[in-house]
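A short write-up of the structure that comes next.
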Amino acid sequence: MFKAADKLRKNIDAAEYKYVVLGLVFIKYISETFNELYEKLEADKYSDPEDRDEYLAENVFFVPEIARWSHIHNNAKLPSIGETIDEAMEAIEKENKELKNVLPKVYGKANLDKASLGQLIDLISNTELQAENEKSKDLFGRVYEYFLGEFANAEGKKGGQFYTPKAIVKLMVEMIEPYKGRVYDPACGSGGMFVMSEKFVTEHQGNISDITVYGQESNQTTWKLSKMNLAIRNINSQFVSWNTEGSFLKDAHPDLKADFILANPPFNQKDWGIDILQDDARWKFGVPPNANANYGWMMHMLYHLAPKGVMATVLSNGSLSSNTSGEGDLRQRMVEEDLVECIVALPKQLFYNTGIPACIWYLRREKANHSKEVLFIDASEMGYQKNKAHKDLTDEEINILTLTYHNWRKGIKYENVKGYCKSTSIEEIRKHKYVLTPGRYVGLKDEEEDSILFKDKMLVFSKFLIQNTEHSEKLDTEIINVLTKKFPNQNWSKINFNSNKVMENIAQTVFKEWFGKYQISDDIPVGWRKAKINDFVEVSLGGDYGKETIEGDYTEKTICLRGTDLPDMKTGMPERAPIRYLKASKLEKCKLKKGDIVIEISGGTEDQSTGRVIYINEKILNNAKYPMTCVNFCRIIRPLKLEYSYFLYSLFDYLYTRKVFFNWENGTTGIKNLNLNALLEIFDLLVPQDEELITEFDKIAYVIFNKIQTNNAQSQSLGKMSETLLTKIYDHSLRLNNL
């Protein structure tokens with residue numbers, strides 16, 4: 001469903017489109033539940049199916065006739081469908097006060113294609129979604145929740161502002177077990193913590209009416225998402241508030257003492273208002289710094305925690321060890337007050353909006369069996385790679401982590417496991433100066449085995465660096481020889497050839513001086529001629545995005561370069577380019593070869609044109625595991641002669657960096673397209689008649705770009721080695737004398 005809905009998005013940003021789709025899912029849900037009760041009332045001769053009070057008594061939204069799904073579906077193919085839906089949303093809000101100012105009214109906007117909107121309505125009308133009774137509620141709840149996650153993924157960093165990955169929420173809820181009482185989230189986003197709490201209660205045979213949710217959100221559109229999310233789950237959102245000031249500056253629930261607190265507040269939030277809140281009653285352990293709200297959030301939550309309450313909050317790993325602006329003192333007081341119960345270190349890449357490593361703090365007022373102890377769990381190596389950008393935790397891993405915590409709390413079947421978990425006294429934490437990084441306490445799984453693995457890694461890195469250094473030095477000599485021959489008056493031995501910026505500037509300067517300084521005019525210099533770019537091009541080929549999996553004739557595994565992958569090619573291999581399946585005939589036609597140039601023709605922004613470009617050399621092709629092509633938003637330029645490759649690449653790069661491509665783009669808003677065919681056919685060049693200069697430039701550019709790729713490969717290797725070394729030293733899992 002989501003893939004089909006996303007195909008209808010066209011030129012609308014995911015951030016805006018989510019309200020379109022989620023609004024329709026919501027209206028379909030309330031219409032379904034309304035119809036179920038309507039049919040029952042209609043069959044009862046003593047009941048009136050149009051009596052609003054009948055629905056109020058059953059806790060079902062009353063849907064007026066103009067807002068019922070049947071009416072919307074019947075009008076789906078009319079040009080006025082946008083206005084019809086907006087009117088439906090207004091009518092629903094008028095009949096149901098708890099939805100006032102919540103529902104999206106964006107369907108009449110001009111940028112929303114009405115034919116696509118009609119197709120979207122047909123899609124959501126799919127008969128497979130016509131479940132019955134309670135199953136209907138659960139099904140639409142799952143659809144809404146899944147769509148939220150997919151939109152968060154599509155929006156990247158912005159998505160993380162309204163959505164916490166499901167696995168993290170599930171882990172927090174399963175560990176603190178909110179069976180009965182008040183559940184509070186001071187940064188509630190789209191309401192995922194509340195939905196998971198409701199699921200926990202129902203899955204463990206509890207009564208959903210035994211919990212009451214309280215929340216606050218500063219972003220109004222996100223708050224609207226949460227109200228719809230909770231309504232579909234039939235969770236009372238009466239105490240879920242919105243105000244622009246946020247939980248610090250305007251606490252919506254000042255007298256609340258919650259039994260359970262679950263939160264994923266903004267990481268390392270700056271300028272959050274401490275200048276106004278210096279003497280606030282919430283800062284029991286000291287005033288948190290204005291440059292980072294992590295401890296402000298924790299003290300805000302502790303202030304609202306009931307005497308026997310428990311809280312779980314996600315924070316950046318910096319909160320475990322930072323001593324900046326008194327944060328170390330705040331952490332020390334929380335530990336000495338015996339509030340810190342458990343710390344869980346999470347894997348990287350779990351979040352949509354940040355790559356910063358994160359952790360979960362569990363704080364409890366009354367620790368019972370484990371006074372003056374803290375449980376450390378290191379889950380940083382858990383999880384599986386869901387896609388290239390994100391990891392996820394399996395249900396089995398969540399169960400293992402939950403069981404470890406509960407066994408420790410009960411004192412049953414718990415034991416410390418090296419490299420995974422350790423129950424640690426506050427006395428030991430004092431020795432570590434109140435740093436709460438789990439790696440310090442749990443140690444390594446098997447130090448000897450890891451030591452061998454580490455030495456092996458170091459050996460591989462060292463050999464790689466030695467070989468690359470030798471290769472790099474040979475390239476330096478080759479570059480000096482070539483440049484000295486062409487520019488004998490310069491002292492090239494003093495140039496820093498390890499700086500890619502220097503190398504790129506040399507290549508661009510040579511190109512500009514040799515080819516870029518002449519303007520087309522009636523007075524053409526002696527030895528030069530007028531030409532078009534197409535005079536140097538054999539063929540211009542379109543790419544293909546293919547399929548995610550093998551489908552029909554789509555059987556050839558292929559690396560498909562996107563515009564965003566082109567800058568990565570300077571390393572010699574795109575790290576993040578997607579692997580897709582193409583038809584054999586298409587791959588044969590558009591497979592990249594040595595000397596090809598890939599140029600981005602669709603995308604760009606208001607202040608940055610399309611036209612990012614890369615040259616395909618032997619190193620890139622040799623490093624690729626599969627045949628390579630590009631997606632249909634890029635184009636392959638194949639030179640007439642191999643000697644033209646660097647000349648054409650430098651020409652396109654020259655035009656891109658000097659913003660010439662702006663003049664060759666179609667459209668000034670939305671997605672822009674580079675009119676490449678016109679550029680190739682119309683753009684005027686001055687080129688030397690005998691082409692010797694182009695051949696000489698090819699020799700210079702070849703060694704320069706080879707050097708740039710070598711520099712990047714070397715930098716990557718050094719980065720990996722330093723990460724391996726520093727991580728182990730920082731976590732105290734490797735002492736310097738072990739080297």
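The values are calculated or read from the model by the stated rules, or taken from the named source; none is laboratory data. Everything numeric here is computed off the predicted structure, so don't read it as measured data. No Cβ is skipped: glycine too gets one built from the backbone with ideal geometry, and neighbour counts run over all protein chains shown. Surface areas here come from the heavy atoms of the whole protein model, side chains and all, with no ligands, DNA or RNA. Shrake-Rupley method; radii C 1.70, N 1.55, O 1.52, S 1.80 Å.
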Taking every pair of alpha-carbon atoms in the range 25-69, what share in percent sits in each 5 Å bin, from 0 to the bin with the longest distance? 5, 26, 34, 24, 9, 2, 0
At the level of C-alpha centres, the distance separating the range 377-420 and the range 1-61, in angstrom, is 39
Ile211 long-range amide H proximity, modeled H, under 5 Å: Gly181
Order these peptides, 278-285, 576-583, 410-417, by their mean beta-carbon neighbour count within 10 angstrom, highest first. 576-583, 278-285, 410-417
If each residue of separation counts as 0.36 nm, what is the full-extension length gain between Tyr384 and Arg52 once their alpha-carbon separation is subtracted? 114.6 nm
Going by amide H atoms built from the backbone, whose H comes under 5 Å of the H on Leu350, apart from near neighbours? Lys391
Counting each DSSP H run of 4 or more residues in the chain as -39500 (n - 2.57), what helix-only mean residue ellipticity at 222 nm follows after dividing by all residues, to the nearest 500 deg cm²/dmol? -13500 deg cm²/dmol
Tabulate in residue order the Karplus-calculated ³J(HN,Hα) for the range 497-514, using 6.51 cos²θ - 1.76 cosθ + 1.60 with θ = phi - 60°, rounded to whole Hz; enter x for Gly and Pro. 6, 8, 8, 5, 4, 4, 5, 5, 5, 4, 4, 5, 5, 4, 4, 4, 5, 7
Given a Förster distance of 45 Å, report the FRET efficiency between Asp6 and Lys474 from their Cβ-Cβ distance, rounded to the nearest 0.05. 0.35
Share of accessible surface on carbon and sulfur in the chain, whole %, 1.4 Å probe and ligands ignored, is 48
Compare the peptides 506-514, 312-320 by average per-residue count of other Cβ atoms within 10 angstrom and give them in order, highest first. 312-320, 506-514
Evaluate the distance, in nm, between pseudo-label points positioned 7 Å from the Cα of Ile495 and of Glu538 along their respective Cα→Cβ axes. 3.0
Approximate spin-label separation Lys250-Gln220, in nm, with each point projected 7 Å along Cα-to-Cβ: 1.1
Assuming a ≥ b ≥ c are the square roots of the Cα gyration tensor eigenvalues, decide whether the range 65-105 counts as rounded (a/c under 1.5), prolate (otherwise, with a/b larger than b/c) or oblate. prolate
Rounded, prolate or oblate: which fits the chain, taking a ≥ b ≥ c as square roots of the Cα gyration tensor eigenvalues, rounded meaning a/c under 1.5, else prolate when a/b beats b/c? oblate
For the chain, which cysteines have no second Cys with its Cβ under 4.7 Å from theirs? Cys188, Cys342, Cys359, Cys421, Cys560, Cys590
So, for the chain, what is the accessible surface per residue at a probe of 1.4 Å, expressed in square angstrom? 48
Linear extension gain, Lys593 paired with Leu403, 0.36 nm per residue minus alpha-carbon span: 63.0 nm
Ordering 432-444, 47-59 by per-residue average of other C-beta atoms within 10 angstrom, highest first, gives 432-444, 47-59
Gain upon complete extension [Asp210, Asp568; 0.36 nm per residue less C-alpha separation]: 123.5 nm
Can you run phi through the Karplus equation (6.51, -1.76, 1.60; θ = phi - 60°) for the range 173-187 and list ³J(HN,Hα) in whole Hz, with x for Gly and Pro? 5, 4, 6, 8, 6, x, 6, 8, x, 9, 10, 10, 9, x, 9
Find the relative contact order for the chain and round it to a whole percent, using C-alpha pairs within less than 8 Å whose residues are 6+ positions apart. 9
Estimated inter-spin distance, Glu366 and Glu691, nm [label 7 Å along Cα→Cβ]: 8.8
Would you mind pulling out the separation of the Cα centroids of the range 249-281 and the range 77-92, in Å? 40
